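Chemist: Below you will find the structure I want to go over with you.
The values are calculated or read from the model by the stated rules, or taken from the named source; none is laboratory data. Predicted model only: the values in this text are computed from it and were never measured. Please note: Cβ atoms are built from the backbone with ideal geometry, for glycine as well, and neighbour counts cover all protein chains shown.
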Amino acid sequence: MRARAYGWTVLMLVACAGAALAQQSANPPNGGMPHSMMAEPYTIPLWEHGAPGALGQTPEDQPTLTVYPPIDPKAAGTAVIVAPGGGYGGLAMNHEGRQPANWLNALGVTAFVLRYRLGPRYHHPIELGDAQRAIRLVRARALEFGLRPDRIGIMGFSAGGHLASSAATHFDNGNPDAPDPIDRASSRPDFAILIYPVIEMRPPYAHEGSVHNLLGDNPDPKLLKYLSSDLQVTPQTPPTFLLTTSEDTAVPPENSVLFYLALHKAGVPAELHVFERGHHGIGLDLGDPALGMWPTLLANWLRDRGLLTR
């Protein structure tokens, strides 16, 4: 009963956040409008004048961030960029995008749901470039969003978890000479949250659909290794929270375990939770009295790292 009570508490937080957001005005941001005046989600392009490498002008060709500001005027100054899953061929924008964003808002965290470009139309490095650009953009405009530039994290589900882990293992400090001020910002996330993530690009634990959509037919073995995130961990990889389940047959839990072991070996702070039950793609799963506890575990981890105000 205690687990059920905690689950319903978190559910009520999300519901209250969603209701409050619905009551706000739908006015989009206007230049440097103070963050506290904006509570309605709004969408911004990652590149104002078109994304590099775009193959057209459709929404699928122009990656965006949907900004979910917290309703609490005393927010934590923490941001989480959320990358929904979908096997690099689609995006689960509801239960792996909007719902986590609302839950983060209830904690006082600003959420940015990333709509990144997808295969088979786009292949690596386009997807990683979109994620890196999202991190740079949020960091470069931190003051405008009411954020601290050293509290920019990334959260990913399934294939979005692979994108997030790739961003956490492939980053740079920015180009100080770039004409675009966003490109001068670092693309390193300050923390990562990986939820039933794809990590490995090689058998036996790879998710074949994600590999094919991201890399196409017959990818170079060196590229498979380069994008197997457990092989790319260094002491500079940011602190990471991982969640998976033993019943996940789509993306085996070994993906998360291998990444955790690499983090542990490198001395990177990490926390791994492997639930006995639960299928792939659970999202928040707040209705399950056992598995629905994982958002509370994540909130505790964020709080312990000083990323929440309460």
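Chemist: Answer yes or no as to whether LEU242 is within 16 Å of PRO100 (Cα to Cα) and part of a strand (DSSP E or B).
Modeler: Taking the combined requirement at face value, the residue satisfies it.
Condition check ((1) modelled with pLDDT of 95 or more; (2) outside any strand (DSSP E or B); (3) in contact with a Leu (Cβ under 8 Å, 6 or more places away or on another chain); (4) hydroxyl-bearing (Ser, Thr, Tyr)) across all residues:
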| site | (1), (2), (3), (4) |
| --- | --- |
| LEU258 | yes, yes, no, no |
| HIS264 | yes, yes, no, no |
| GLY283 | no, yes, no, no |
| GLY292 | no, yes, yes, no |
| PRO295 | yes, yes, yes, no |
| ARG303 | yes, yes, no, no |
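Chemist: Okay, moving on. Exactly one condition in (1) surrounded by fewer than 19 Cβ atoms within 10 Å (Cβ to Cβ); (2) in contact with a strand residue (DSSP E or B) (Cβ under 7 Å, 6 or more places away or on another chain) is false for ILE154; which is it?
Modeler: The number of the failed condition is (1).
Chemist: Continuing with the same structure: Only one of (1) hydrophobic (A, V, I, L, M, F, W, C); (2) touching a His at 6+ places or on another chain (Cβ under 7 Å); (3) not in a helix (DSSP H, G or I) is not met by LEU214, so which one is it?
Modeler: (3)
Chemist: For region 252-270, which positions are surrounded by 18 or more Cβ atoms within 10 Å (Cβ to Cβ) and within 17 Å of PRO238 (Cβ to Cβ)?
Modeler: SER256, PHE259, TYR260, ALA262, LEU263, VAL268, ALA270
Chemist: Collect the residues in region 240-297 that are without any contact (Cβ under 8 Å) to a residue 12 or more places away in the chain and over 20 Å from the mean Cα position of the chain (by Cα), keeping them in residue-number order.
Modeler: Across region 240-297, the qualifying residue is only HIS264.
Chemist: List the number of the failed condition for ASP180; all other conditions in (1) among the charged types (D, E, K, R); (2) out of contact with any Pro (no Cβ under 7 Å at 6 or more places or on another chain); (3) crowded, with 17+ Cβ neighbours inside 10 Å hold.
Modeler: So ASP180 meets the others, but not (3).
Chemist: In region 104-200, which helices (runs of 4 or more DSSP H) lie fully inside it and hold 3 or more residues that are within 20 Å of GLU60 (Cβ to Cβ), in contact with a Leu (Cβ under 7 Å, 6 or more places away or on another chain) and of a type in the set (A, V, I, L, M)?
Modeler: In region 104-200, the matching helices (runs of 4 or more DSSP H) lie at 126-140.
Chemist: Does any residue of region 220-237 turn out to be part of a helix (DSSP H, G or I), closer than 28 Å to ASN173 by Cα and in contact (Cβ under 8 Å) with a residue 60 or more places away in the chain?
Modeler: yes
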